[in-house]
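**Student:** This structure is in C-alpha coordinates; I'll ask about it shortly.
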Amino acid sequence: MTHLNDSDLPLSLPLFCDTAPHPCGYLPGRQAVSRVAIPFQLIDTDIYGQLVKRGFRRSGDFTYRPACKDCHACVPVRVPVARFAPDRSQRRCLRTNQALAARERPLGFSEEHYLLYQRYQTERHPGGGMDGDNRGQYAQFLLRGQVDTRLVEFRDADRLRMVSIIDVLNDGLSSVYTFFDPDLPAAGLGTYNILWQINQCLANELPYLYLGYFIRECRKMSYKARFRPIEGLVDESWQELHTPATS
(Lines give C-alpha, C1' and ligand atoms only; values in the text may rest on other atoms or scores of the structure.)
Protein backbone atom coordinates (compact mmCIF):
# COMPACT_ATOMS: atom_id res chain seq x y z
CA MET A 1 0.00 0.00 0.00
CA THR A 2 1.06 3.59 -0.67
CA HIS A 3 0.19 6.23 1.93
CA LEU A 4 -1.65 9.23 0.54
CA ASN A 5 -2.23 12.82 1.51
CA ASP A 6 -5.53 13.26 -0.32
CA SER A 7 -7.00 16.74 0.12
CA ASP A 8 -10.22 15.61 -1.56
CA LEU A 9 -11.01 13.29 1.34
CA PRO A 10 -13.05 14.62 4.25
CA LEU A 11 -10.93 13.71 7.24
CA SER A 12 -7.37 14.10 8.48
CA LEU A 13 -7.83 10.82 10.34
CA PRO A 14 -7.86 8.02 9.45
CA LEU A 15 -5.12 7.65 6.84
CA PHE A 16 -5.90 6.71 3.26
CA CYS A 17 -3.85 4.21 1.29
CA ASP A 18 -4.09 2.66 -2.17
CA THR A 19 -3.81 -1.07 -2.66
CA ALA A 20 -1.70 -2.66 -5.34
CA PRO A 21 -3.61 -3.42 -8.58
CA HIS A 22 -5.65 -6.61 -8.43
CA PRO A 23 -8.14 -8.34 -10.77
CA CYS A 24 -11.48 -6.54 -10.86
CA GLY A 25 -14.28 -8.59 -9.35
CA TYR A 26 -16.93 -7.07 -11.61
CA LEU A 27 -15.45 -6.41 -15.06
CA PRO A 28 -13.40 -9.30 -16.47
CA GLY A 29 -9.95 -8.50 -17.80
CA ARG A 30 -9.56 -5.26 -15.84
CA GLN A 31 -7.33 -4.36 -12.94
CA ALA A 32 -8.71 -2.54 -9.91
CA VAL A 33 -7.24 -0.38 -7.16
CA SER A 34 -8.98 0.37 -3.87
CA ARG A 35 -8.46 3.36 -1.59
CA VAL A 36 -8.56 2.10 2.00
CA ALA A 37 -9.16 3.96 5.25
CA ILE A 38 -6.84 2.82 8.06
CA PRO A 39 -6.59 1.92 10.86
CA PHE A 40 -10.02 0.33 11.13
CA GLN A 41 -10.18 1.00 14.89
CA LEU A 42 -10.68 4.72 14.17
CA ILE A 43 -13.71 4.21 11.95
CA ASP A 44 -16.71 4.66 14.19
CA THR A 45 -20.26 5.37 13.05
CA ASP A 46 -19.78 9.14 12.67
CA ILE A 47 -16.57 8.85 10.64
CA TYR A 48 -17.96 6.02 8.56
CA GLY A 49 -21.06 8.07 7.77
CA GLN A 50 -18.87 10.86 6.42
CA LEU A 51 -16.90 8.36 4.35
CA VAL A 52 -20.06 6.80 2.90
CA LYS A 53 -21.15 10.25 1.69
CA ARG A 54 -17.83 10.41 -0.16
CA GLY A 55 -18.29 7.06 -1.86
CA PHE A 56 -16.75 4.62 0.59
CA ARG A 57 -18.16 1.25 1.56
CA ARG A 58 -17.07 -1.47 3.96
CA SER A 59 -16.51 -5.21 3.99
CA GLY A 60 -15.99 -6.26 7.59
CA ASP A 61 -13.25 -3.99 8.95
CA PHE A 62 -12.14 -3.05 5.40
CA THR A 63 -13.44 0.45 4.46
CA TYR A 64 -12.69 1.36 0.86
CA ARG A 65 -13.71 3.03 -2.35
CA PRO A 66 -12.54 2.39 -5.93
CA ALA A 67 -9.47 4.38 -6.98
CA CYS A 68 -8.81 3.02 -10.46
CA LYS A 69 -6.80 5.50 -12.53
CA ASP A 70 -8.31 4.80 -15.95
CA CYS A 71 -11.74 3.45 -15.04
CA HIS A 72 -14.68 5.16 -13.35
CA ALA A 73 -17.28 2.46 -13.87
CA CYS A 74 -18.10 2.05 -10.15
CA VAL A 75 -20.60 4.74 -9.14
CA PRO A 76 -21.71 4.98 -5.49
CA VAL A 77 -25.53 5.13 -5.42
CA ARG A 78 -28.28 5.94 -2.96
CA VAL A 79 -32.08 6.15 -3.02
CA PRO A 80 -33.64 9.43 -1.79
CA VAL A 81 -36.45 7.58 -0.06
CA ALA A 82 -38.97 10.42 0.23
CA ARG A 83 -39.15 10.59 -3.58
CA PHE A 84 -39.28 6.85 -4.18
CA ALA A 85 -42.50 5.22 -5.37
CA PRO A 86 -42.60 1.45 -6.06
CA ASP A 87 -43.52 0.39 -9.58
CA ARG A 88 -46.08 -2.28 -10.38
CA SER A 89 -43.68 -5.23 -10.08
CA GLN A 90 -42.30 -3.90 -6.79
CA ARG A 91 -45.82 -3.54 -5.37
CA ARG A 92 -46.46 -7.13 -6.42
CA CYS A 93 -43.26 -8.18 -4.68
CA LEU A 94 -44.43 -6.54 -1.46
CA ARG A 95 -47.71 -8.45 -1.64
CA THR A 96 -45.95 -11.74 -2.41
CA ASN A 97 -43.77 -11.45 0.69
CA GLN A 98 -46.23 -9.89 3.13
CA ALA A 99 -46.13 -13.01 5.33
CA LEU A 100 -42.44 -12.52 6.09
CA ALA A 101 -41.69 -11.39 9.63
CA ALA A 102 -38.57 -9.27 10.20
CA ARG A 103 -36.75 -9.55 13.51
CA GLU A 104 -33.53 -7.91 14.62
CA ARG A 105 -31.07 -10.38 16.11
CA PRO A 106 -27.72 -9.95 17.91
CA LEU A 107 -24.78 -9.33 15.59
CA GLY A 108 -23.19 -12.69 16.26
CA PHE A 109 -22.59 -16.04 14.66
CA SER A 110 -25.56 -18.31 14.01
CA GLU A 111 -25.11 -21.73 12.43
CA GLU A 112 -28.55 -21.40 10.82
CA HIS A 113 -27.57 -18.11 9.20
CA TYR A 114 -24.24 -19.51 8.04
CA LEU A 115 -25.86 -22.54 6.39
CA LEU A 116 -28.28 -20.28 4.50
CA TYR A 117 -25.31 -18.11 3.44
CA GLN A 118 -23.51 -21.20 2.12
CA ARG A 119 -26.56 -22.29 0.10
CA TYR A 120 -27.01 -18.79 -1.28
CA GLN A 121 -23.38 -18.44 -2.38
CA THR A 122 -23.23 -21.95 -3.86
CA GLU A 123 -26.42 -21.61 -5.89
CA ARG A 124 -26.50 -17.90 -6.74
CA HIS A 125 -22.78 -17.06 -7.04
CA PRO A 126 -20.89 -20.27 -7.86
CA GLY A 127 -17.21 -19.62 -8.49
CA GLY A 128 -17.56 -16.08 -7.18
CA GLY A 129 -14.95 -16.54 -4.48
CA MET A 130 -17.30 -16.57 -1.49
CA ASP A 131 -18.98 -19.90 -2.18
CA GLY A 132 -16.19 -21.62 -0.26
CA ASP A 133 -16.18 -19.29 2.77
CA ASN A 134 -15.70 -21.10 6.05
CA ARG A 135 -17.27 -19.95 9.30
CA GLY A 136 -14.39 -17.65 10.14
CA GLN A 137 -14.44 -15.96 6.74
CA TYR A 138 -18.21 -15.52 6.95
CA ALA A 139 -17.92 -13.91 10.37
CA GLN A 140 -15.06 -11.65 9.27
CA PHE A 141 -17.04 -10.49 6.24
CA LEU A 142 -20.38 -9.76 7.91
CA LEU A 143 -20.09 -9.77 11.69
CA ARG A 144 -17.20 -7.38 12.32
CA GLY A 145 -16.91 -3.61 12.33
CA GLN A 146 -16.83 -0.56 14.59
CA VAL A 147 -20.06 1.03 13.36
CA ASP A 148 -23.75 0.75 14.30
CA THR A 149 -24.61 -2.48 12.49
CA ARG A 150 -27.89 -4.39 12.66
CA LEU A 151 -28.60 -7.99 11.69
CA VAL A 152 -32.19 -8.64 10.63
CA GLU A 153 -33.62 -12.05 9.84
CA PHE A 154 -36.79 -12.69 7.87
CA ARG A 155 -38.92 -15.74 8.54
CA ASP A 156 -42.01 -17.28 7.02
CA ALA A 157 -43.50 -18.92 10.10
CA ASP A 158 -40.48 -20.86 11.45
CA ARG A 159 -38.57 -21.02 8.16
CA LEU A 160 -35.58 -18.72 7.81
CA ARG A 161 -35.82 -17.08 4.39
CA MET A 162 -33.40 -14.16 4.45
CA VAL A 163 -30.74 -12.35 6.49
CA SER A 164 -29.78 -8.72 5.98
CA ILE A 165 -26.85 -6.78 7.43
CA ILE A 166 -27.44 -3.01 7.64
CA ASP A 167 -25.36 -0.09 8.92
CA VAL A 168 -27.25 2.76 10.58
CA LEU A 169 -25.85 6.19 9.67
CA ASN A 170 -26.82 9.73 10.64
CA ASP A 171 -28.46 10.37 7.27
CA GLY A 172 -29.64 6.91 6.26
CA LEU A 173 -29.11 3.20 6.14
CA SER A 174 -26.28 1.53 4.28
CA SER A 175 -27.08 -1.89 2.86
CA VAL A 176 -24.06 -4.06 3.67
CA TYR A 177 -25.12 -7.50 2.42
CA THR A 178 -28.22 -9.66 2.08
CA PHE A 179 -28.52 -13.37 1.45
CA PHE A 180 -31.67 -15.41 1.06
CA ASP A 181 -33.23 -18.76 0.25
CA PRO A 182 -32.08 -19.57 -3.31
CA ASP A 183 -34.92 -22.07 -3.77
CA LEU A 184 -37.50 -19.26 -4.05
CA PRO A 185 -36.42 -17.27 -7.13
CA ALA A 186 -39.97 -16.18 -7.96
CA ALA A 187 -40.40 -14.53 -4.56
CA GLY A 188 -38.04 -11.68 -5.42
CA LEU A 189 -36.52 -11.71 -1.94
CA GLY A 190 -33.64 -9.42 -2.88
CA THR A 191 -36.06 -6.82 -4.25
CA TYR A 192 -38.29 -7.18 -1.21
CA ASN A 193 -35.35 -6.56 1.11
CA ILE A 194 -34.46 -3.25 -0.54
CA LEU A 195 -38.11 -2.18 -0.39
CA TRP A 196 -38.16 -3.11 3.29
CA GLN A 197 -35.00 -1.07 3.90
CA ILE A 198 -36.54 1.92 2.11
CA ASN A 199 -39.57 1.66 4.39
CA GLN A 200 -37.28 1.47 7.41
CA CYS A 201 -35.60 4.71 6.30
CA LEU A 202 -39.00 6.37 5.98
CA ALA A 203 -40.18 5.09 9.35
CA ASN A 204 -37.03 6.43 11.04
CA GLU A 205 -36.97 9.73 9.11
CA LEU A 206 -33.66 8.89 7.44
CA PRO A 207 -33.40 10.46 3.98
CA TYR A 208 -31.19 7.96 2.13
CA LEU A 209 -30.67 4.28 1.52
CA TYR A 210 -27.08 3.70 0.36
CA LEU A 211 -26.77 0.73 -2.01
CA GLY A 212 -23.05 0.50 -2.64
CA TYR A 213 -21.84 0.69 -6.22
CA PHE A 214 -23.62 0.62 -9.56
CA ILE A 215 -21.76 -0.51 -12.69
CA ARG A 216 -23.67 -0.14 -15.96
CA GLU A 217 -21.71 -2.92 -17.68
CA CYS A 218 -22.21 -5.40 -14.83
CA ARG A 219 -25.39 -7.45 -15.16
CA LYS A 220 -25.55 -8.47 -11.51
CA MET A 221 -25.65 -4.78 -10.53
CA SER A 222 -28.54 -3.96 -12.88
CA TYR A 223 -31.25 -4.49 -10.25
CA LYS A 224 -30.24 -1.24 -8.53
CA ALA A 225 -31.45 0.76 -11.52
CA ARG A 226 -35.02 -0.31 -10.77
CA PHE A 227 -35.20 1.76 -7.59
CA ARG A 228 -36.00 5.22 -8.88
CA PRO A 229 -35.07 7.94 -8.48
CA ILE A 230 -31.52 6.90 -7.74
CA GLU A 231 -28.62 9.26 -7.13
CA GLY A 232 -24.98 8.66 -7.96
CA LEU A 233 -21.79 10.28 -6.72
CA VAL A 234 -20.29 11.66 -9.92
CA ASP A 235 -17.29 14.03 -9.82
CA GLU A 236 -17.69 14.21 -6.00
CA SER A 237 -21.29 15.45 -6.31
CA TRP A 238 -24.52 13.52 -5.71
CA GLN A 239 -26.82 13.81 -8.71
CA GLU A 240 -29.74 11.91 -10.12
CA LEU A 241 -28.76 9.12 -12.50
CA HIS A 242 -30.72 8.36 -15.66
CA THR A 243 -30.57 4.59 -15.80
CA PRO A 244 -32.22 2.32 -18.37
CA ALA A 245 -35.25 0.31 -17.30
CA THR A 246 -34.56 -3.30 -16.39
CA SER A 247 -36.90 -6.23 -16.37
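**Student:** Taking only pairs six or more apart or across chains, which ones have beta-carbon atoms under 7 Å, a first residue in the stretch 203-232 that is part of a strand (DSSP E or B), and a second residue that is surrounded by fewer than 16 Cβ atoms within 10 Å (Cβ to Cβ)?
**Tutor:** These pairs meet every condition: 208/171; 231/239; 231/240; 232/239.
**Student:** In this structure, is residue 133 free of Cβ contacts under 8 Å to residues at least 40 places away in the same chain and not aliphatic (A, V, I, L, M)? Step through it out loud before you land on a result.
**Tutor:** Details: free of Cβ contacts under 8 Å to residues at least 40 places away in the same chain: yes; not aliphatic (A, V, I, L, M): yes.
Against the criterion (free of Cβ contacts under 8 Å to residues at least 40 places away in the same chain and not aliphatic (A, V, I, L, M)), residue 133 qualifies.
**Student:** Return the residues of the stretch 61-70 that are open to solvent by 40 Å² or more (accessible area, probe 1.4 Å) and modelled with pLDDT of 95 or more; say none if nothing qualifies. Steps first, please.
**Tutor:** From the stretch 61-70, those open to solvent by 40 Å² or more (accessible area, probe 1.4 Å) are 62, 64, 66, 69-70; that's our starting set.
If the condition is that a residue be open to solvent by 40 Å² or more (accessible area, probe 1.4 Å) and modelled with pLDDT of 95 or more, then 64, 66 are the ones that fit.
**Student:** Next question. For residue 203, which of the numbered conditions (1) open to solvent by less than 40 Å² (accessible area, probe 1.4 Å); (2) closer than 24 Å to residue 150 by Cα fails to hold?
**Tutor:** (1)
**Student:** While we're looking at this one, here's another question. So, of the residues in the stretch 218-239 that are of a type in the set (Ser, Thr, Tyr) and farther than 16 Å from residue 65 by Cβ, which turns out to be modelled with the highest pLDDT?
**Tutor:** Initial filter on the stretch 218-239 (of a type in the set (Ser, Thr, Tyr)): 222-223, 237.
In the following step, the residues that additionally are farther than 16 Å from residue 65 by Cβ were identified as 222-223.
Numbers: 222: 89, 223: 92.
Per the criteria, the residue is 223.
**Student:** Yes or no: residue 163 in contact (Cβ under 8 Å) with a residue 40 or more places away in the chain, of a type in the set (Val, Ile, Thr), open to solvent by less than 20 Å² (accessible area, probe 1.4 Å) and out of contact with any His (no Cβ under 9 Å at 6 or more places or on another chain)?
**Tutor:** On the way: in contact (Cβ under 8 Å) with a residue 40 or more places away in the chain: yes; of a type in the set (Val, Ile, Thr): yes; open to solvent by less than 20 Å² (accessible area, probe 1.4 Å): yes; out of contact with any His (no Cβ under 9 Å at 6 or more places or on another chain): no.
Judged against the criteria, residue 163 is not a match.
The values are calculated or read from the model by the stated rules, or taken from the named source; none is laboratory data. These figures come from a predicted structure and were not determined experimentally. Using ideal geometry, Cβ is built from the backbone for each residue, glycine included, and neighbour counts are taken over all protein chains shown. Ligands, DNA and RNA are excluded from the accessible area calculation, which covers all protein heavy atoms including side chains. Shrake-Rupley method; radii C 1.70, N 1.55, O 1.52, S 1.80 Å.
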